[in-house]
1. Need one number: convex hull volume per residue for the chain, Cα atoms only, in Å³.
2. Where nothing but the Cβ of Lys and Arg (+1) and of Asp and Glu (-1) is charged, how large is the charge dipole of the range 5-49 around its Cα centre, in debye to the nearest 20?
3. Going by C-beta contacts inside 10 Å, put LYS12, LYS6 in order with the fewest on the left.
4. Calculated from DSSP H runs of 4 or more alone, at -39500 (n - 2.57) each and per residue, what is the 222 nm mean residue ellipticity of the chain, nearest 500?
5. With each label point set 7 Å from Cα along the Cα-Cβ vector, what nm distance links ILE103 and TYR7?
6. Show the residues, 5+ positions off or on another chain, whose built amide H is closer than 5 Å to the amide H of VAL91.
7. Restricted to Cα positions, what overall size does the range 63-113 have along the principal axes? Three whole-Å values, descending.
8. Just to be sure I understand: with springs between alpha-carbon atoms less than 10 Å apart, which residue in GLY45, GLY62, GLY102 has the highest mean-square fluctuation in the Gaussian network model of the chain?
Amino acid sequence: MRKTRKYVAAKKRLRELKIRTHKRENADIYALLESHRQIWDNKSGKWIEGTKSMFGDEQPSGIVRIRVMSHPADVQRAVTEIKQHAQLKVVEVSDEYPNRRGIGVRVYLTCMLKDQS
């Protein structure tokens, strides 16, 4: 278990929301927060009130998830280009994962439409 900035902030947010858990793994703690309508804002380094699911109810959430697959030398440039897009606020960028088939890597972006944030 890595005690990343996201993990430390997650533990703090759980205390603020008075949510008790014995879970210790990063992914389990993040899933617990997400089930309580919290999303990770990478820019501020905080968990913020959000929505549990992009399509969980009838109302649009303003959250968009994007998968970027590319050659390793191009993926960060592509992420930078997306971050500069006028209508999206990138709130989280995942680590790079190797593609399952072929060369290349993939990253996942969680974005909010700027008029929704």
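No value in this document is a laboratory result; all are computed from the given coordinates. Computed from a prediction, not measured in an experiment: that's the story for all the values here. Note: ideal-geometry Cβ built from the backbone for every residue, glycine included; neighbour counts use all protein chains shown.
1. Numbers: hull volume 14.7 nm³, N = 117.
Looking at the chain, the number lands at 125 Å³ per residue.
2. Using Cβ point charges on Lys, Arg, Asp and Glu, the range 5-49 gives about 240 debye.
3. Lowest to highest Cβ neighbour count: LYS12, LYS6.
4. Numbers: 3 runs with 34 residues, N = 117.
Per the formula, -9000 deg cm²/dmol.
5. 3.3
6. Counting only residues 5 or more places away or on other chains, the set is THR110, CYS111, MET112.
7. 32, 17, 13
8. Largest GNM mean-square fluctuation: GLY102.
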